[in-house]
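> Let me begin by handing over the structure; questions about it come next.
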Amino acid sequence: MDRIRLGDLDEVFPPELVDAVLAKSQACEVRVRLLPPRLMVYFALARALFCPEPYLGVLRTLAVAARHEDEWGEWRVPDKAAVFRARRKLGVEPMHELLVHTGTAVADARTPGAFWRGLRLMGVDGTTLPAAYSQANEAGLGRLQTRPDKGPTGSPLARVMVLVEVGSRAICDAAVDSHRVEERVLVERLARSFRPGMLVLADRGLPGAQLWQLLAATGADLLLRIPGIVKLPVAEVLSDGSWISTVLDRRSGGVRPPQDVRVRVIEYSREIACRKRAETYQLITTLMDPERAPTTELAALYGERWELDNTLAELETTQIGSRTVLPSKSPELVFQEIYAHLVLYTGVRVLMHRAAVNRSDPLDPGRLSFAAALRAARHSVTSLNREPSGPLENGV
């Protein structure tokens, strides 16, 4: 089973990388099983690639694409119960490790719009994804409750927060949990991937003294929007009209002394064509020097955050499918499935980035069609297929 193939994505997910991720995240297995861990990693990625094709159809596609039937011997496509057990044994951590490795620092100096004044542009955003109804998902994920006097409605939901590299749209890290878990809690987990040299953009709902301190302590610079109804006091007006203010720490709960933080506030108006009016934006940032970080440039940079909406739309609509419900019946397998989708999305984005910048006149990867790239990735696997024979055909 050493010749598993994912077509063009082989160069992003070579066996050596998968084995290294498995060695880091779980004990190595000496006995060769019908569904060994490496095969299950490729199976998870292939399920994401061919979503929503059924389990056994994906396994058959992988086996046939190997094109080395002698290496598979008498291997047969196993039943769904065996696949379920193998998925549970694989767990979530290998897929998360693979995501972090694949999405780290994809953009380089050739990537248009990837850097601003030496800082790598990053963004944080989130969404929820529906999962199949089961008692386990009901208990572990929960469902929306639209009114206090009504019961929950709809499918169980998982909440996803992602850290995205703006220039390449690669997902560098993600935190996944029940939709009951607040976004700010998941962003705290993403702080593990914040680094000096980054400028991280995020929308309303995240700022707060404690979260700000945690994220700023990573060494990354921050540019976050705050709700318009929040009025931060003016402590010092700067030369470009921005001002220094203080975000009060009101959530210490008596555990520790309050630790207020100083921020720079930028306020500007932006015309919203669909609403036929101007909207006022308030941003807070760790970049305190108006000469090194002019207000006009920061306001323009914040507009790049909307690229994250496109990233999540591509993931949810183009790759997963707008009407697709994740079929896994337990929270752990739902999380595994989500991470597989995030890894696959980033793998396609890595290929798109290479195609865009390995030219004499590098293109912005955002100008390329993700839908077309996804179709090409699928075709690169199915074009390897040939009519099966012998035990493989009989086992399907």
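None of the figures in this text is laboratory data; all of them are computed from the coordinates on show. All values derive from a computational prediction rather than experimental measurement. Neighbour counts are summed over all protein chains in view; Cβ atoms, including those assigned to glycine, are modelled from backbone coordinates with ideal geometry.
> Treating cross-link reach as a plain straight distance, find the aspartates and glutamates whose alpha-carbon is under 20 Å from the alpha-carbon of Lys329, omitting any fewer than eight places away in the same chain.
Cα-Cα hits under 20 Å: Glu53, Asp79, Glu93, Glu138, Asp177, Glu316, Glu337.
> Relative contact order of the chain: what whole-number percent is it, with Cα pairs under 8 angstrom and at least 6 residues apart?
This gives 24 percent for the chain.
> Would you please give the residues with an amide H less than 5 Å from that of Ala220, counting only those at least 5 places away or on a separate chain, with H modeled from the backbone geometry?
Arg195
> If I model a spin label at Arg189 and Ser269 as a point 7 Å from the Cα along the Cα→Cβ vector, what separation in nanometres do I get?
So the two model labels end up 4.2 nm from each other.
> Using amide H atoms built in the peptide plane, which far-off residues or other-chain residues are under 5 Å from Ala132 H to H?
Leu326, Ser328
> What would the Debye formula give as log10 I(q)/I(0) at q = 0.15 Å⁻¹ for the alpha-carbon point model of the range 126-240, no solvent?
After summing over all Cα pairs, the log10 values are -0.81.
> Taking H as built 1.01 Å from N, whose amide H comes closer than 5 Å to the amide H of Asp173, not counting residues under 5 places away?
Result for Asp173 returns Leu163.
> Subtracting the Cα-Cα distance from 0.36 nm times the residue separation, let me have the gained length for Ile244 to Gln259 in nm, one decimal.
Separation in residues times 0.36 nm, less the Cα-Cα distance, equals 3.8 nm.
> Specify the residue with the greatest mean-square fluctuation among Leu199, Leu312, Leu17, computed from a Gaussian network of the chain linking alpha-carbon atoms under 10 Å apart.
Comparing Leu199, Leu312, Leu17 in the GNM, the peak value goes to Leu17.
> Ok, one more. Label 7 Å along Cα→Cβ of Arg375; the range 342-357 residues with amide nitrogen under 18 Å?
348-349, 352
> Still on this model: May I ask you to derive the FRET efficiency for Tyr133 and Glu332 from their Cβ-Cβ distance with R0 = 25 Å, giving the value to the nearest 0.05?
Computed FRET efficiency for Tyr133 and Glu332: 0.95.
> Compute the angle between helix 37-49 and the longest alpha-carbon principal axis of the chain, please, reported from 0 to 90 degrees and rounded to the nearest 10.
That helix lies at roughly 70 degrees to the long axis.
> Can you give the log10 of the normalised intensity I(q)/I(0) at q = 0.11, 0.13, 0.17, 0.21 Å⁻¹, computed with Debye over equal Cα scatterers of the range 274-376?
-0.57, -0.75, -0.97, -1.08
> Just grab the label-to-label distance for Asp309 and Glu53, each label 7 Å out from Cα along the Cβ direction, in nm (one decimal).
The answer from the label model is 3.4 nm.
> Let's test the formula: R0 of 35 Å, r as the Cβ-Cβ distance of Ala20 and Ala217. What FRET efficiency results, to the nearest 0.05?
Working: r = 30 Å, r/R0 = 0.85.
For Ala20 and Ala217, the calculated efficiency is 0.75.
> Something else: If one computes the Cα centroid of the range 91-105 and of the range 321-375, what distance in Å separates the two points?
After rounding, the separation between the Cα centres reads 14 Å.
> Per residue of the range 117-133, what does 6.51 cos²θ - 1.76 cosθ + 1.60 with θ = phi - 60° give for ³J(HN,Hα)? Whole Hz please, x for Gly and Pro, Karplus curve as stated.
With the stated coefficients, the range 117-133 comes to 6, x, 9, 6, 7, 10, x, 10, 8, x, 7, 10, 10, x, 10, 4, 6 Hz.
> How big is the gap, in Å, between the Cα center of the range 110-149 and the Cα center of the range 34-50?
Going from one Cα centre to the other spans 23 Å.
> Could you derive backbone 3J(HN,Hα) for the range 188-196 from the dihedral phi with the Karplus parameters 6.51, -1.76 and 1.60 (θ = phi - 60°), listing whole Hz in sequence and x where the residue is Gly or Pro?
4, 5, 5, 4, 4, 9, 6, 9, x
> Further question: Provide the gained length on full extension for the span Glu279 to Arg292, in nm with one decimal, where the gain is 0.36 nm per separating residue minus the Cα-Cα distance.
Extending this stretch completely gives an extra 2.1 nm.
> Ok, one more. Using semi-axes √(5λ) of the Cα gyration tensor in Å as the read-out, say which of (i) 45, 24, 18; (ii) 30, 29, 19; (iii) 42, 24, 19 was calculated from these coordinates.
It is the one labelled (iii).
> Leaving out same-chain residues fewer than 8 places away, which aspartates and glutamates sit with a Cα under 14 Å from that of Lys231?
Partners found: Glu267.
> To continue, here is another question. Work out from phi, with θ = phi - 60° and the Karplus expression 6.51 cos²θ - 1.76 cosθ + 1.60, the ³J(HN,Hα) of each residue of the range 356-372, listed in order in whole Hz, and give x for Gly and Pro.
The phi angles translate into 6, 9, 7, 9, 5, 10, x, 9, 6, x, x, 7, 7, 7, 5, 4, 5 Hz.
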